[in-house]
Structure formats: C-alpha cells, structure tokens
1. For the stretch 121-136, give me the residue count where each residue is over 14 Å from Asn74 (Cβ atoms) and buried (at least 18 other Cβ atoms within 10 Å of the Cβ).
2. Take the residues in the stretch 1-47 that are among the hydrophobic types (A, V, I, L, M, F, W, C) and free of Cβ contacts under 8 Å to residues at least 24 places away in the same chain; name whichever of them is farthest from Ile130 (Cα to Cα).
3. How many of the residues making up the stretch 12-50 are farther than 15 Å from Pro110 by Cβ and hydrophobic (A, V, I, L, M, F, W, C)?
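The values are calculated or read from the model by the stated rules, or taken from the named source; none is laboratory data. Worth saying up front: this structure is predicted, and the values here are computed from it rather than measured. Ideal geometry is used to build each Cβ from the backbone, glycine not excepted, and the neighbour counts take in all protein chains shown.
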Amino acid sequence: MAFSLAASILTVIELSTKVISKCFEYSRAVKHATDDIERVREEITNLGAVVKKLHALLRNPHGARLHTSQELHNALESAQAQLRSLHDKLTLGRSREAVIKIGLRSLRWPFESKEVDKILQNFAVCIQTITIGLETDQT
C-alpha cells in the first residue's frame, strides 16, 4: 500500500504542476475570468502543499505505519481524477490548435463560475480528507 500511496502522491504533484501551468497560460490570455482562474490556481496550489506534506510523512521512518492510508489513498485517487479532468479541459484541443495555426490566438476559459465553485468544492474535500488523515497519524 505504501508504494501505491507514494505513486499516487507523485502523480498528484505532477498533475498539480501541469494544471497550475495551464491556469497561468489562461490568466495571461483570458481577461474575463481572472478571478475564477486565480481561485482554481490557489486551490490546486493548496492541494499540492498538503500532498507534499503527506509525501514527507511517508518518507519518514514511521511512514509505513500510517493507519489512515486507505482513506488517504482514496482521497489521492479522487484528486488525481479531478486533476486529470481539469487538465484535459484546459489543454488545447485539436480545434483550438487549428485556430492558433491560422493566427488567431484566442483562448476561452472553459468553465462557468458555478462549475468553478463545484471544482473548488471537490478539491476542498480532498484536501480536508488528506489533512484529517495527516493529523490523525501525527497524533
């Protein structure tokens, strides 16, 4: 389980970095959704920070004795799925690549504010689950 948990952590960290990078691209090109973009970027940054703490705990000599590892693993899998979905929606599709090739560099933020609220809510649940697991095991 520890290896699987460590692999999930590294995947979440990698996906978080990619999504933050995409948010940065959108923040430079899209003017009408800057607040939503910044909120998503901040929540992904928070997720990355919590996951890095978990990674440090796992590398600790007592990390193999985590009692909440199943809950942590489930939260990490949920975060991975959400990050992949978010990354896919933020990544340029074939039709946008064609638009860019002909010289029109127009990016459009692919989410409405209500969708952003739901995304943030889902990440907040993952962060809370991981944080509670970390606190439980540290206690």
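1. Number satisfying all stated conditions: 2.
2. Result: Phe24.
3. Residues meeting the conditions: 9.
Quick grid of which residues meet (1) at pLDDT 70 or above; (2) surrounded by 17 or more Cβ atoms within 10 Å (Cβ to Cβ):
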| position | (1), (2) |
| --- | --- |
| Arg65 | no, no |
| His73 | yes, yes |
| Ala79 | yes, yes |
| Thr91 | yes, no |
| Asp117 | yes, no |
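Per-residue answers, yes or no, for (1) modelled with pLDDT under 80; (2) in a helix (DSSP H, G or I); (3) touching a Cys at 6+ places or on another chain (Cβ under 7 Å); (4) among the small types (Gly, Ala, Ser):
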position: Thr45; (1), (2), (3), (4): no, yes, no, no
position: Ser85; (1), (2), (3), (4): no, yes, no, yes
position: Ile132; (1), (2), (3), (4): no, yes, no, no
position: Thr136; (1), (2), (3), (4): yes, yes, no, no
